[in-house]
Protein chains: 2
Amino acid sequence: MTNKALGSRVWINGEMVDAHQATFPLADRGFTLGDGLFETMLWTGWEVRFFDAHMARLAQSAEALGLQLPCSVEAVKAGLNALAENAASSKAALRLTLTRGNGPRGLAIPEIAHPQLIATIAPLVENTSTVRLKTVSIPRAIGTPSARFKTLSYVDNIIALREARAGGGDEAIMLGTNGNVACASSANLVIRYKGANLTPALEDGALGGIVRGRLLAVGLIEEAHIIPSQLAQCEDAALTNALIGVRGVAFIDGRALGSGRIWCQSLTDALDHV
Amino acid sequence: MTNKALGSRVWINGEMVDAHQATFPLADRGFTLGDGLFETMLWTGWEVRFFDAHMARLAQSAEALGLQLPCSVEAVKAGLNALAENAASSKAALRLTLTRGNGPRGLAIPEIAHPQLIATIAPLVENTSTVRLKTVSIPRAIGTPSARFKTLSYVDNIIALREARAGGGDEAIMLGTNGNVACASSANLVIRYKGANLTPALEDGALGGIVRGRLLAVGLIEEAHIIPSQLAQCEDAALTNALIGVRGVAFIDGRALGSGRIWCQSLTDALDHV
């Protein structure tokens, strides 16, 4: 059981350790119960992009789950920078994982928990090709922590992506349990519909993505309740997340969209200036 | 990061190892994404109760998620027995965890996966007191793998239990996303309603519990679509799972039920003869 998938070093609770020694105990609730959170961030080659926004989301989600960060935001920043400066590629994906730490058997949250914070880095293969979206049967469960926060309980999204791939898609479009369009398995969705740039509302099961938040903040996109028939009629579409930024969609459920290149570029450009 | 919560030994992919050495790689998808399954079984002092039923459920769930067991059922049985025969207490909780193993960044399932199978044991504190149930706001997401199977993505149930405890309950009653009664955070529900023994249907978000399955098979309980107002009027109620067997419910949302002792005992007795 090696750690080939990781870089040469990982950061655990403020300390840098060799990746081949990087293990966690079997009693960690992140492992036994998916009890934790994560953030995926882009190392641009010189900085962690949107670091403050990622840490703000992590802090807010942690508070909702009753989790504490075991070290300061400054220590996290130093750790991520140290990891990245040793990375081979210029761009890289940084992942920060917060777990509730060890616990006895059962679901009850230990009165005294020892949360664990782990940072890892992975090379990022740039891929700017447009994607094919496929609407899948697995819903986003409105009102659950796993839909509202970026928790370690990700199996539904994994199986949603698998369903999309089996149907010839690159990414899944998941609907909320109310039937409205929610988001992709690991990205938010923006559509151009009757000239407006719309993104599914959080109440419909969308995850509150960092890039999505930036585009909303500058008024380039707006939240809406999007029903599947509107998705089937949109003029353009794009996916957004911290690693890909904005990426154009070529097909939705087999329907070809316009190239949308200029439209996507306008969103990407805006992102560079927020 | 110690393993105090585990016994002195754990079993990993067919080998017994010291618990203090029992760690896992950080790139394991069970840890990073909740991508795996588990079973919790009762060691009665002389056997693993309902072992065949647990393994059948695990195999069926694994097939649905595209996971393979890395060793034979016979090897698992030998491992569980070896763990249990060294346990201090006569009764114990055995947990079998199946993960998809290491993977690179992202949700896509590796073409060649190396699933990991881990067995641990924990002492079981017998508790026969009746429980107080509290209906919570966090739903069971009908149609998702995390609601249909016993996956490692358990955060919604953890927060459901936390909400119940904060409201003075011992266990949570979760409703399906369709509004019908589903199950508790780590048990199935049986109610006595107008003289019939009813348990929520799988289509309403109930997990297919082993004890629930046994009681259904012998015709002692029947599946039904139970709405909250029926729960509020039931004559008796019980929780079932592999560790507690059948346990009486004293209160539902503050309403006291009859002692139900004779009724519960009839279910328990039936379980001993199936």
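The values are calculated or read from the model by the stated rules, or taken from the named source; none is laboratory data. Here the structure is a predicted model, which means the values were calculated and not measured. Reconstructed Cβ throughout: ideal geometry from the backbone, glycine too, with neighbour counts over all protein chains shown. Ligands, DNA and RNA are excluded from the accessible area calculation, which covers all protein heavy atoms including side chains. Shrake-Rupley method; radii C 1.70, N 1.55, O 1.52, S 1.80 Å.
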- Task: Compute the length gained on full extension between A:Val73 and A:Ala196: take 0.36 nm times their separation in residues and subtract their Cα-Cα distance, giving the result in nm to one decimal.
- Result: 40.6 nm
- Item | Förster radius 41 Å - calculated FRET efficiency between B:Ser266 and B:Ser137 (Cβ-Cβ, nearest 0.05) | 0.75
- Rounded, prolate or oblate: which one fits segment B:73-168, using the alpha carbon gyration tensor with axes a ≥ b ≥ c (rounded when a/c is under 1.5, else prolate when a/b beats b/c, else oblate)? oblate
- Query: Can you work out the FRET efficiency for the pair B:His225 and A:Asp52, with r the C-beta to C-beta distance and R0 = 35 Å, to the nearest 0.05?
  - Reply: 0.15
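Quick one: grab the alpha carbon gyration tensor of segment A:191-274, order the square roots of its eigenvalues as a ≥ b ≥ c, and give me rounded if a/c is under 1.5, else prolate or oblate depending on whether a/b is larger than b/c. Let's see the in-between values first.
Numbers: a/c = 1.68, a/b = 1.18, b/c = 1.42.
Note, shape of segment A:191-274 comes out oblate.
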- 3J(HN,Hα) from dihedral phi, segment A:52-63, Karplus parametrisation 6.51/-1.76/1.60, rounded to Hz, x for glycine, proline: 4, 5, 4, 5, 5, 5, 4, 5, 5, 5, 4, 4
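Once you average over the residues of A:34-41, how many Cβ atoms of partner chains fall within 10 Å of each Cβ? List each step's numbers first, then the result.
Values: counts 16, 8, 4, 1, 2, 0, 2, 0.
Across A:34-41, the average partner-chain Cβ count within 10 Å equals 4.
Using a 1.4 angstrom probe, figure out how much accessible area segment B:156-271 has per residue, in square angstrom, rounded to the nearest whole.
Values: 4310 Å² over 116 residues.
For segment B:156-271, the solvent-accessible area averages 37 Å² per residue.
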- Query: When each copy gets a label point 7 Å from Cα toward the beta-carbon at A:Ser129, what are the spacings between them in nm, shortest first?
  - Reply: 6.1
- In Å² (nearest 100), what accessible area is buried between B and A, both sides summed, heavy protein atoms only, 1.4 Å probe? 5000 Å²
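Please list B:Lys150, A:Lys134 from largest to smallest accessible area, probe radius 1.4 Å, with all protein chains kept in place. Before the final figure, lay out the partial values.
Values: B:Lys150 30, A:Lys134 65 Å².
Highest to lowest solvent-accessible surface, that is A:Lys134, B:Lys150.
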- Distance in nm between pseudo-label sites at A:Glu235 and B:Val218 (7 Å out along the Cβ direction from Cα): 6.7 nm
- Given Cα pairs under 8 Å that are at least 6 residues apart, what percent is the relative contact order of chain A? 16 percent
- Item | Net charge contributed by nearby residues that have their C-beta within less than 12 Å of B:Cys234 (K/R +1, D/E -1) | 0
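What does the charge count around B:Asn180 come to, taking other residues whose C-beta lies under 9 Å from its C-beta (Lys +1, Arg +1, Asp -1, Glu -1)?
Details: positive: none; negative: B:Glu203, B:Asp204.
Once all neighbours under 9 Å are counted, the net charge is -2.
Other chains near B:99-110: what is the mean number of their Cβ atoms within 10 Å of each residue's Cβ? Show your work: numbers first, answer last.
Values: counts 1, 2, 1, 6, 1, 5, 13, 8, 12, 7, 5, 1.
That works out to 5 on average.
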- Item | Solvent-accessible area per residue for segment B:92-142 (1.4 angstrom probe, square angstrom) | 43 Å²
- Message: For B:Thr268, place a label point 7 Å from Cα along the Cα-to-Cβ direction in every copy; what are the distances to the other copies, in nm, shortest first?
- Response: 6.7
- Shortest first and in nm to one decimal, what separations exist between B:Gly179 and its copies in the other chains, measuring from label points 7 Å along the Cα-to-beta-carbon line? 1.4
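First select every other residue whose beta carbon is under 12 angstrom from the beta carbon of B:Gly167; then total the charges, Lys and Arg +1, Asp and Glu -1.
On the way: positive: B:Arg132, B:Lys134, B:Arg162, B:Arg165; negative: B:Glu163, B:Asp170, B:Glu171, B:Asp253.
That sum, taken over residues with Cβ under 12 Å, equals 0.
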- Message: Given the DSSP H assignment, sum -39500 (n - 2.57) over each helix run of at least 4 residues in the protein assembly as shown and divide by its residue total; what's the result at 222 nm in deg cm²/dmol, nearest 500?
- Response: -7500 deg cm²/dmol
- Message: Using a 1.4 Å probe on the protein heavy atoms, what percent of the accessible area of segment A:66-199 belongs to carbon and sulfur?
- Response: 51 percent
- Peptide A:16-24 - average C-beta neighbours from other chains (10 Å radius): 3
- Message: So, R0 is 22 Å and r is the distance between the beta-carbons of A:Asn127 and A:Ala256; what FRET efficiency does that work out to, to 0.05?
- Response: 0.65
- Message: Using the basic label-point model (7 angstrom from Cα toward the beta carbon), what is the A:Ala108 to B:Glu15 distance in nanometres?
- Response: 3.6 nm
